[in-house]
Every structure is written in C-alpha cells, then in structure tokens.
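Everything on this sheet refers to the single structure shown next.
The values are calculated or read from the model by the stated rules, or taken from the named source; none is laboratory data. Bear in mind the structure is a predicted one, so any value in this text is a computation, not a measurement. Here the Cβ is made from the backbone with ideal geometry for all residues, glycine too, and neighbour counts use every protein chain on show. For the accessible areas, the whole protein counts, side chains as well, though only heavy atoms, and no ligand, DNA or RNA atoms are used. Shrake-Rupley method; radii C 1.70, N 1.55, O 1.52, S 1.80 Å.
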Amino acid sequence: MSTFRILAADKLAQEGLDYITKQDDCELVNKPGLTEEEYAELIQDCDAMIVRSGIKVTAKILENPGKLKVIARAGVGVDNIDLAAATEKGILVVNTAAASTITTAEHAFALMMSLMRNIGPAYKGMTEGKWDRNKYTGRQLMGKTLGVVGFGRIGQTMAERALAFGMDVVAYDPFINAETMMDGRVKMFNNFEDILPLIDIISFHVPLNDATRGILSAKTYPKCKDGLYVVNAARGGVVDEADLLEALDSGKVAAAAMDVFTSEPPTADDPLRNHPRVLITPHLGASTKEAQQAVSVDAADNCMTYLRGEGIVGAVNAGNLKINLSPVQEKYVDLSNRMAKLLSPMITRGIAEVTIELAGKSLAAGLSMIERTALVGLFEHHLTDPVNIINVNQVAEARGIKVKTVTTDDDKATGLTIEVTGPAGAVDDETNADDKTRRIVGRVYDDLKPRIVEINGYHMDMIPEGPMILLLNEDKPGMIGLVGSTFGSENVNIADMTISRRGNTAMMVFKVDSEPTTAQLETIKTKEGILKTASVQLAEA
Ligand SMILES: NC(=O)C1=CN([C@@H]2O[C@H](COP(=O)(O)OP(=O)(O)OC[C@H]3O[C@@H](n4cnc5c(N)ncnc54)[C@H](O)[C@@H]3O)[C@@H](O)[C@H]2O)C=CC1
Ligand SMILES: O=C(O)C(=O)COP(=O)(O)O
C-alpha cells in the first residue's frame, strides 16, 4: 500500500492531525510556520498540503511541486493560494466549504450586535476604571435594515439570524437571479449601489476578487445613509481601509467592525487598531472548537479521497468537473482514456483541434470528465510537462489547441468519438479522406465492457485492454502468416486479434501477453508490407 505524506502547513485542530495519523495509508508532516523557501522544498516530498489563512501559497512555492497533488484549504477563502499556479502545475485545490458557515455567521452577528451596543469601548472603559453609562447608549437591531453583500452560505445564515431578530434584510448578489429569497423575506438586488440608500447596517460575505476589492469606498459612500454601521468578516480589502477611516471621521460611518484586514496582522500602529469607533478581532470568524474540528477533518478527508482515487470533494480549481458519476458514465470516462491512449501513437502530425462527440443524454453529466480524460490521454505522451484532469484544459488553451464538444441526446445509441485534426498543412489533397483526421469510436454495451468499434475508418469490435500492438499493413495475401511467424520468432505471444480492411490497407490489432520491446516492434516494422506499428499498454478492462 502506498503511503501518502500529508503536510499540515498551518495550525490545524488536533482532531484533524489525529485523523491523519490514524489512517493506515497516511503519514502526517506537521510543519506550520516555515518560510516560503522551506515550503518550496518540503512540498516536493508531500502528496498533499493543508492550509488555513496563515500561509500564502505562492507560485514560488509551487514552482517545483514534486509529488504534490492536492492543496486543501481547511476553511473557505482561497485568496491566499495562487490558483493559477496550482492549476498550471496540475495540483487540485479543494476547500471545506460548509463546515465553518454557522461559526462565521455567528461571529459576524456577534460583531454586529457588539457594534450596535458599544460593547468594545464600554468594556475597555470598564477595564480602565470608568463607568460611562451615557456615552455608550446604543441602537436596537429590531426594525433596522441589514444589507447583506454576498448571499451565499454565510450571507444567508447571517440573514436568517437577522430576520429572527426582527430586522429587515436586503441582499446584493449578482450571481443569484431571483427577486426575493427566503420565502420573500429578503429582497434581492443585482446592483450594489441600489441597496446602499436602503440600509442601516452593511455586512460583507463575499470572496475577495477584482469585483469585490474596495466595493465599499469613497466612491460608494455618497449613496449610503449617514451613520452607516459596517461589518466585515469576509476579507480585508473588500472595505477600503483608508476610505473607511475618512468616512468614520466625516460621520458617514457611525462605527465599523472588522475581523479581516488587507494585511494580516495589521501593523502595530495601524489606525484601525485604536480607533474609538472601530471594533476589531484577529480573523476569528471560523475560530470555534466546533468549526476547526470540522474543517481540519474535512480538509484531511478531501485530500485522502483524491489521493486514493475515490473522487474529488470540494474542488475549487477543477472547473465544471462532475465527480459523482453513474456506473455507466464512469465506464465512459474509462473508455475515453483507453480510446485516447490507442489514438495517441497515431498522432504524428501534431494537434490543432480535438473534437469530442458524446451521444446519449444519460451521459451528459459525465461530459466534462470524459472530455478531460480524453485530452489527458491524447496529450500525456506528447508533452514533457505533467498533464492531468486539473490542468488539461489550461494546457490545451495555452497551446492554442481548440477543443470542440458535440453532444447528441440519443440514448439508444450511446457512444464516444474522439477526432484529432493536425495543424494547417499537415495533410494535402492526396491524403485519403479517412486519414485527414485521426479518429476513434467506442461504446460501452450493457455488459459495461469498453469496446472500440472504429479506428480511422477501420471497423472492428474489440475490448481495449492489456498490452496491445497495432499494425497497419498492405492488404495482400500472406500478411497474417508473416506477422504471426515474426511474433513467434520474437517471442511475442498473441492472446487475441482483430483485422479490418479499408481500401488496399488493413489494420491488425493484437492483444499480446506482454508489452513488446522497441527492438521487437522495430523487427516487425522492417517486414515487407508492414506500413506502421505502435504498441500501447492499457489496464485490464
Ligand atoms: N472571517 C473568517 O474567518 C471567514 C471568512 N470567510 C469569508 O466569507 C466568504 C463567504 O463564504 P461563503 O458564504 O462560505 O461562500 P459562498 O461561496 O457560499 O458565498 C459567497 C457569495 O458571494 C457571491 N459573490 C461573488 N462575487 C460577488 C460580487 N462581486 N458581489 C456580490 N456577491 C458576490 C457569490 O455569488 C456567493 O453567493 C469567503 O469567501 C471568505 O472570504 C469565510 C469563512 C471564515
Ligand atoms: O475559511 C476562511 O475563509 C477563513 O477566513 C478562516 O480563516 P482561518 O482558517 O481561520 O485562517
């Protein structure tokens, strides 16, 4: 059994660490707090890396990833991971989406309540011997309007709690196409500025990206009511920090609560640390015993699922990959790999375009996986850089290879066709019409076995498995005998064969007992009438 080395590169709950050490096939490398250079070296010998927000997983760390295959974020936000670099290197990034939702919403809610009742400065005054009863008259939540920015897991959990406290809730989320949510109790907006005149309190629950960076800033304050309360437990930078300080001074903002900062930790003299109307916590949103236990175990689990080849859970950078496939869809994924591997040695003219044709409505959910698996099979022997289902679309795009997918709904005749077109000028008018592209057609029948039914216009019905040899020869008498005796003298034992004619050539496909050596293939190739040879090693079907 192989042993997976799992690196904990951030402080993880003990439960998560114990969970890793209890697995027979895993070894824990618990090394939080190292330098960028140290991680760059350490990851090369680790299969998985688990992080929180305390480390920046930079392109430099990932430059030579060695055997690193997966990075798990024990939490939600992945803005501290260079996703483009991870994808380029074929490293899967996963998170533990829902495990910390309630905890984080509770923290945002606690910040909102504390802000409205001056809990922070009142407590501070008490510790300094003061008794300021009049200074800290607060505001009641009931009847106030909360604006939730980002109506995902945490935003909705925050809204549920606000509604229970008798607040009105409106939300801005341009990726939700609904007029209202929560049984009509939350009015939805898809223009940020439209919620601003309506709200007394704003709370952010969005990822940090180019669209959300500085979304609340000097530009947008003029639309807000005077005396706005601001809560940010999403990411530092969503609320522009310099503009917030000005808005506090001008009275536009009554008070602000921040759990997250543009730079963490903020410097000791950061004005947000000591502002009398700013309540701050050190990125504690997800920090409860319950949430940390859940995210650390889930993160470890998500790594193991991937490393053990059992699927992908919580993918962040695997595009539209669908993992929970039906048995038939899975068989088509397996078939696409076999088909691509068989076609791959015939691709001698380069690849400009790949067309994947999938027939059968019932297979549609597996399309992305089938497509990626086929591309990996086509590319892997032609490229030196590692290519896998995570980075294969990016690899194709970076090389200008067009990937076309055609689907049809016919469930009575399910099937898969992979066709590869070479670059312009790769074929000419003399080229046989069936050879202008490289094409392979396969299906999975009711017995769930993969079948190849056509290669480049040569029709057959063959289960692709084990070591296989493909021969293209002149279609003339004596060829089968010649090949049989040559295999015999070369000690290559034939287990099965199929032959198909097209014009004056034929394709013989052999299953043999063991993979032929290059020298054996060369000997076969020198025989009169043999035009091309290739060998492929496939798994048993
Ligand atoms: N303070 C802390 O310790 C924690 C902070 N977080 C932060 O909370 C964020 C939200 O987490 P979840 O609710 O679990 O994620 P989620 O993915 O369920 O929700 C995010 C929502 O934001 C929306 N969104 C995306 N771009 C937007 C835009 N430009 N404008 C408005 N809405 C937009 C999405 O449509 C989605 O509905 C995370 O991205 C993370 O940054 C998460 C956990 C803990
Ligand atoms: O899950 C998130 O996005 C968080 O911000 C929590 O961060 P942490 O794991 O506490 O460093």
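If you take the residues in the range 126-185 that are open to solvent by less than 70 Å² (accessible area, probe 1.4 Å) and either in contact with a Cys (Cβ under 6 Å, 6 or more places away or on another chain) or acidic (D, E) (or both), which one is modelled with the highest pLDDT?
Out of the qualifying residues, it is D132.
Would you please name the residue that is farthest from ligand 2 (Cβ to nearest atom), looking only at residues in the range 81-105 that are free of Cβ contacts under 8 Å to residues at least 60 places away in the same chain and not hydrophobic (A, V, I, L, M, F, W, C)?
D82
I'd like to know if the range 190-199 contains one or more residues that are away from ligand 2 (no atom under 16 Å from the Cβ) and at pLDDT below 95.
Scanning the range 190-199 turns up at least one residue that is away from ligand 2 (no atom under 16 Å from the Cβ) and at pLDDT below 95.
Could we say that P276 is more than 16 Å from ligand 1 (Cβ to nearest atom) and free of Cβ contacts under 8 Å to residues at least 60 places away in the same chain here?
On the way: more than 16 Å from ligand 1 (Cβ to nearest atom): yes; free of Cβ contacts under 8 Å to residues at least 60 places away in the same chain: no.
No; evaluated as a whole, the condition is false for this residue.
Does V406 satisfy being among the β-branched types (V, I, T), modelled with pLDDT under 85 and open to solvent by less than 80 Å² (accessible area, probe 1.4 Å)? Walk me through how you get there before you give the answer.
Numbers: among the β-branched types (V, I, T): yes; modelled with pLDDT under 85: no; open to solvent by less than 80 Å² (accessible area, probe 1.4 Å): yes.
No.
How many residues are in a loop (DSSP other than H, G, I, E, B) and more than 16 Å from ligand 1 (Cβ to nearest atom) when one looks only at the range 32-79?
18
I'm trying to understand the selection: among the residues of the range 365-386, which are buried (at least 16 other Cβ atoms within 10 Å of the Cβ) and among the aliphatic types (A, V, I, L, M)?
Across the range 365-386, the qualifying residues are L367, M369, I370, A374, L375, V376, L378.
If you scan the range 387-403, which residues turn out to be open to solvent by 20 Å² or more (accessible area, probe 1.4 Å) and either among the polar types (S, T, N, Q) or touching a His at 6+ places or on another chain (Cβ under 8 Å) (or both)?
The answer is N388, N393, Q394.
Can you name the number of the only condition in (1) open to solvent by 10 Å² or more (accessible area, probe 1.4 Å); (2) touching a residue at least 60 places away in the same chain (Cβ under 8 Å) that D18 fails?
With (1) open to solvent by 10 Å² or more (accessible area, probe 1.4 Å); (2) touching a residue at least 60 places away in the same chain (Cβ under 8 Å) applied to D18, the lone miss is (2).
Working only within the range 96-135, note down all residues that are out of contact with any helix residue (DSSP H, G or I) (no Cβ under 8 Å at 6 or more places or on another chain) and either of a type in the set (V, I, T) or under 30 Å from N388 (Cβ atoms) (or both).
T127, the sole residue that qualifies.
Can you tell me which residues in the range 413-430 are on the phi < 0 side of the Ramachandran plot and modelled with pLDDT under 85?
P423, A424, A426, V427, D428, D429, E430 - these are the residues of the range 413-430 that are on the phi < 0 side of the Ramachandran plot and modelled with pLDDT under 85.
Please find, among D79, D24, the residue that is under 21 Å from E310 (Cβ atoms), out of contact with any helix residue (DSSP H, G or I) (no Cβ under 8 Å at 6 or more places or on another chain) and open to solvent by 40 Å² or more (accessible area, probe 1.4 Å). Reasoning before the result, please.
Working: D79 fails: under 21 Å from E310 (Cβ atoms).
Just one listed residue meets the conditions, D24.
Return the residues of the range 245-266 that are closer than 23 Å to S287 by Cβ and either within 16 Å of ligand 1 (Cβ to nearest atom) or among the β-branched types (V, I, T) (or both); say none if nothing qualifies. Spell out how you get there, then give the answer.
From the range 245-266, those closer than 23 Å to S287 by Cβ are 255-266; that's our starting set.
Hits for the range 245-266 are A256, A257, M258, D259, V260, F261, T262, S263, E264, P265, P266.
May I ask you to verify whether R349 is touching a residue at least 24 places away in the same chain (Cβ under 8 Å), assigned to a loop (DSSP other than H, G, I, E, B) and among the basic types (K, R)? Outline the logic, then answer.
Working: touching a residue at least 24 places away in the same chain (Cβ under 8 Å): yes; assigned to a loop (DSSP other than H, G, I, E, B): yes; among the basic types (K, R): yes.
The answer is yes for R349.
Tell me which residues, restricted to the range 448-497, are among the basic types (K, R) and more than 44 Å from the chain's Cα centre (by Cα). Give the derivation first.
Within the range 448-497, the first condition is being among the basic types (K, R), and the residues that meet it are 449, 451, 476.
If the condition is that a residue be among the basic types (K, R) and more than 44 Å from the chain's Cα centre (by Cα), then K476 is the only one that fits.
Within the group A286, A318, A299, A294, which residue is small (G, A, S), within 15 Å of ligand 2 (Cβ to nearest atom), open to solvent by less than 70 Å² (accessible area, probe 1.4 Å) and not in a helix (DSSP H, G or I)? Break it down stepwise before answering.
Numbers: A318 fails: within 15 Å of ligand 2 (Cβ to nearest atom); A299 fails: not in a helix (DSSP H, G or I); A294 fails: not in a helix (DSSP H, G or I).
Exactly one of A286, A318, A299, A294 is small (G, A, S), within 15 Å of ligand 2 (Cβ to nearest atom), open to solvent by less than 70 Å² (accessible area, probe 1.4 Å) and not in a helix (DSSP H, G or I), namely A286.
What is the one condition in (1) in contact with a strand residue (DSSP E or B) (Cβ under 9 Å, 6 or more places away or on another chain); (2) within 16 Å of ligand 2 (Cβ to nearest atom) that R273 does not satisfy?
Only one criterion is unmet by R273, namely (2).
Would you check if D435 is open to solvent by 70 Å² or more (accessible area, probe 1.4 Å), out of contact with any His (no Cβ under 6 Å at 6 or more places or on another chain) and of a type outside the set (K, R)?
On the way: open to solvent by 70 Å² or more (accessible area, probe 1.4 Å): no; out of contact with any His (no Cβ under 6 Å at 6 or more places or on another chain): yes; of a type outside the set (K, R): yes.
No: the conditions fail for D435.
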